[in-house]
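Asks: Got a structure for you, written out below as structure tokens; questions coming shortly.
Quick note: the coordinates plus some simple rules give every number you see, no bench work behind them. Note that the structure is predicted; figures quoted are calculated from it, not measured. As a convention, Cβ positions derive from the backbone with ideal geometry for all residues, glycine included, and neighbour counts pool all protein chains shown.
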Amino acid sequence: MTDDRTATTLRSIAPYLADWASFQAAYHGLPGLQLAVGRRGEVFVDLAWGKANLETGEDLTSDHLFRVASHSKTFTAVIVMRLVEHGKLRLDDTVGELVPELAGSRAADITVRELLGHQAGIIRDSSDGDFWQHERPFLDRAQVLECVRTEGIVFEPNEHFKYTNIGYSVLGIIIEEVTGKTYDEMARAAVVEPLGLTRTGTELDPARAAEYAAGHTGRITHGDARRVVPHVDTRAMAAATGWYSTALEMVRYGATHVFGDTTLLTDKSKRLVQREESRVVVRGAERGRYGVGMALGKIGDREVVGHSGGYPGHITRTWIDPDDGLVVSSLTNAVDGIADQIATGVIHLINLALAAADDVAASAAGGAPVPPVPDDAPVGRFANLWGVADVVDLGGILHSINPRFPRPDEVAVRLVVVDGRLVQEPVAGFTTVGEPVQVERDDAGAVTAVRVGALTSWPIDEFRARATARPSR
């Protein structure tokens, strides 16, 4: 697909991407959502939905700051790799050589690369990780080092992938030892200032307290009330989990991990960071993949990199396609936020639209015919007793999608013109495939009902009004 066609398609579907994501957030009862979608310098979606604080009723904006938590590891990896590029550090340097307090400890022979790739075998959060629920402060430098010395080694290096916040906290200490500067100073010089970021930083900034979106508790059952979770300083664990940002600035940062952009790292360094270091398999089932500072994934045919983040009250996810340039960042302000589901679902929608645009282009070039979307297509959101359906043009082909589902690609049905009639695509399926789409309109031509298959659906407001007026039986 040409870059022009990709950009045109993304512009055309951007309103629906925001609408679908907002529906998902509302359906799952989230307080608020930031979503940004960008590609090669162009921002297609910059969404702020819901509330920054349920207790005060403050509306969420695109400027509110979110704690992006374990995204911090990608920033730390960038700082480390910049030091490597400048000859200040080597990936095979050992902890004992770099941190005097750990010389002679069991951790002394662990390498920088093993720390970056979670292959060091270090304990995840210490044996008392209740700082994650604000029962105690996050660890300071002395406590991190004491943890590593006394209880830190769970596995031998490279025995198993073992995700570790303590290990990344050690990387923050290494950065300070090598440079003689604080982690925050290095982060500003290596990442924040080169990108001109104004809403991104390493740690809770008390001077900006009013700018943070409040965190909220999760719900054990559907009717549970959410409570605000205060923000706290992550102290010596900032390199693992302290950073804050916005969805828009995460997209700007994510773009630097696209090949060809050398603002922060050379492509040589990016290839190392993004190369599969670990494939996490438990009893035959793959649970994930990880590189040297970034998580790896696959969404449709896209190989993506990025990270998730979980901070008390905030759940976040950013995915980057380093070849195509697409970046999607989803930030939620609740412990049970579905940031990953939303970011991944948005990419599936984009993939659907680009596949449709390819089919339309192939048709125009003499391939299998694809009739154009009718000018009077019944585009909109409709509901009936059994659910919700969106009728939407994605990439020049009309689709019906249930927005409740997290995987829109698995429930999308193309609506196509056959013999002059709009029908559900005549393919194999368990639903009403091949059957006509019937549309009712008022005298002004507005759609009043749609029958996609056997059941009538109405525009959302009309359905709610009918449901309210219908007597119970």
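Asks: Based on the mean of other Cβ atoms within 10 Å per residue, sort peptides 433-441, 57-65, 184-192 so the most packed one is first.
Replies: Most protected by this proxy first, the peptides run 184-192, 57-65, 433-441.
Asks: Among 283-291, 409-417, 166-174, how do they line up by average Cβ neighbours within 10 Å per residue, starting with the highest?
Replies: 166-174, 409-417, 283-291
Asks: Quick check: from the Cα gyration tensor, does segment 88-160 come out rounded (a/c under 1.5), prolate or oblate?
Replies: prolate
Asks: Given 0.36 nm per residue, what is the gain on full extension from residue 86 to residue 146 after removing their alpha carbon distance, in nm?
Replies: 18.5 nm
Asks: Any idea what the relative contact order of segment 118-178 is, in percent, if you count C-alpha pairs under 8 Å spaced at least 6 apart?
Replies: In percent, rounded to a whole number, it is 57.
Asks: I've got another one for you. If you average 1/r over every pair of different alpha-carbon atoms in segment 379-442 and take one over that average, what Kirkwood value in Å do you get?
Replies: About 12.4 Å, per the Kirkwood formula over Cα pairs.
Asks: For segment 3-119, what percent of Cα pairs sit more than 22 Å apart?
Replies: 59 percent
Asks: Still on this structure, please answer the following. Along the Cα-to-C-beta direction of residue 93, a point sits 7 Å from the Cα; which residues of segment 147-188 have their amide N less than 13 Å from that point?
Replies: 171-181
Asks: Provide the net charge surrounding residue 258, with neighbours chosen by a C-beta distance below 11 Å and charges set as Lys +1, Arg +1, Asp -1, Glu -1.
Replies: Net charge around residue 258: -2.
Asks: Another question, then. Students often check this: by mean Cβ neighbours within 10 Å, which of 258-265, 216-223 ranks highest, and how do the rest follow?
Replies: 258-265, 216-223
Asks: Cα gyration tensor of segment 339-432, axes a ≥ b ≥ c as square roots of the eigenvalues: rounded (a/c below 1.5), prolate (a/b > b/c) or oblate?
Replies: Oblate shape, in that a/c is at least 1.5 and b/c is the bigger or equal ratio.
Asks: Could you tell me whether segment 242-398 comes out rounded, prolate or oblate from its Cα gyration tensor? Rule is a ≥ b ≥ c as square roots of the eigenvalues, rounded for a/c under 1.5, then prolate if a/b exceeds b/c, otherwise oblate.
Replies: Because a/c hits 1.5 or more and a/b exceeds b/c, segment 242-398 counts as prolate.
Asks: Do the sum for the chain: with -39,500 (n - 2.57) for every DSSP H run of n ≥ 4, divided by all residues, what is the mean residue ellipticity at 222 nm, to the nearest 500 deg cm²/dmol?
Replies: -9000 deg cm²/dmol
Asks: Give the distance, in whole Å, between the Cα centre of segment 124-189 and the Cα centre of segment 211-277.
Replies: When both Cα centres are located, 17 Å separates them.
Asks: Given the C-alpha centroids of segment 382-428 and segment 434-459, what is the distance between them in whole angstrom?
Replies: Segment 382-428 and segment 434-459 have Cα centres spaced 13 Å from each other.
Asks: If you build the convex hull over the alpha carbons only and average its shadow over all orientations, what do you get for segment 136-194? Give it in nm² to one decimal.
Replies: 5.5 nm²
Asks: What FRET efficiency do you get for residue 130 and residue 181 if R0 is 35 Å and r is their Cβ-Cβ distance, rounded to the nearest 0.05?
Replies: 0.70
Asks: Starting from the Cα-Cα distance between residue 448 and residue 221, subtract it from 0.36 nm times their residue separation and give me the gain in nm to one decimal.
Replies: 78.1 nm
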